[in-house]
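The values are calculated or read from the model by the stated rules, or taken from the named source; none is laboratory data. Computed from a predicted model, the values in this text were never measured in an experiment. Glycine gets a Cβ as well: all are built from the backbone with ideal geometry, and neighbour counts include every protein chain shown. In case anyone asks, the SASA skips ligands and DNA or RNA and just uses the protein heavy atoms, side chains included. Shrake-Rupley method; radii C 1.70, N 1.55, O 1.52, S 1.80 Å.
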Amino acid sequence: MARVAQGLGGGLLTPVGTAMLFRAFPPAERAKASAVLSVPTTLAPAFGPVLGGWMVDNISWRWIFFLKVPIGVLGLVFAKVALHEERADHPGRFDAAGFLSGGAALALLLYGLDRGAREGWATSGVLVSLGAGLALAAVFTAIELARAEPMIDLRLLKDRLFRIGNLLMLDAHDGWPRHHSVGGPVAALRHGGRHGAHSHPAAGRHLRHARP
């Protein structure tokens, strides 16, 4: 249960943290702030398993969880000092249909891709998972485009600045699976993290000079 709670909290960090970042910085500085924040975000998945493995071998597996306590306390203190509460006058309604269809689509697609890489792409379970995931993704797209207040506004992709930024970020994250599949965790640590660490600031520099 502790691992489940940790996963639920960790899953909220990226969307909530990004929203807080965009509120804390003016529009002219958001790209630079996002690029700086992305460097430790990219390096952490590389060094985390190495540090965790060292703890398990030399101390105890419990320290993988204990280590997060002082970091969490420091984060709470910093948030209390540096962040200010903001409330939206009209937060909008929760998009339950989009949440359920999008979450199910993503889960099925990830499950199918994971099983396909290990068991083969022609197995029935993989084909059913990927097919159902794609069908739900199409449903999710239709729901989001039809709603006035969608969970994810897909119309933003019409904006050239937003579209270019997402393509650059996709290239940055692509370094991880490519190097991990070719050379294992060591290659991912050596090349994937370096690729992302250079690509994220480059994306920030490009976005600061791009025009919609």
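Some observations on this one:
- Karplus 3J(HN,Hα) series, Hz, for the stretch 92-109 with 6.51 cos²θ - 1.76 cosθ + 1.60 (x for Gly, Pro): x, 8, 6, 8, 5, 5, x, 5, 5, 5, x, x, 5, 4, 5, 4, 5, 5
- Solvent-accessible area of Leu74, all protein chains in place: 120 Å² (probe radius 1.4 Å, heavy atoms, ligands and nucleic acids excluded).
- The solvent-accessible area of Val81, taken with every protein chain present and a 1.4 Å probe, is close to 110 Å².
- Per residue, the stretch 77-162 exposes 74 Å² of accessible surface when a 1.4 Å probe is rolled over the protein heavy atoms with every protein chain present.
- Calculated FRET efficiency, Val69 to Leu37, Cβ-Cβ distance, R0 = 22 Å: about 0.45 to the nearest 0.05.
- Accessible carbon and sulfur surface of the stretch 1-114 relative to its total accessible area, %, 1.4 Å: 73 percent
- Take Ser38: with every protein chain present and a 1.4 Å probe, its accessible area is about 20 Å².
- Modelled FRET efficiency - R0 45 Å, Ala2 with Arg160, Cβ distances, 0.05 increments: 0.50
- Nearest-0.05 FRET efficiency for Thr123 and Glu86, computed from C-beta distance (R0 45 Å): 0.40
- Protein heavy-atom accessible surface, 1.4 Å probe, per residue over the stretch 11-66: 71 Å².
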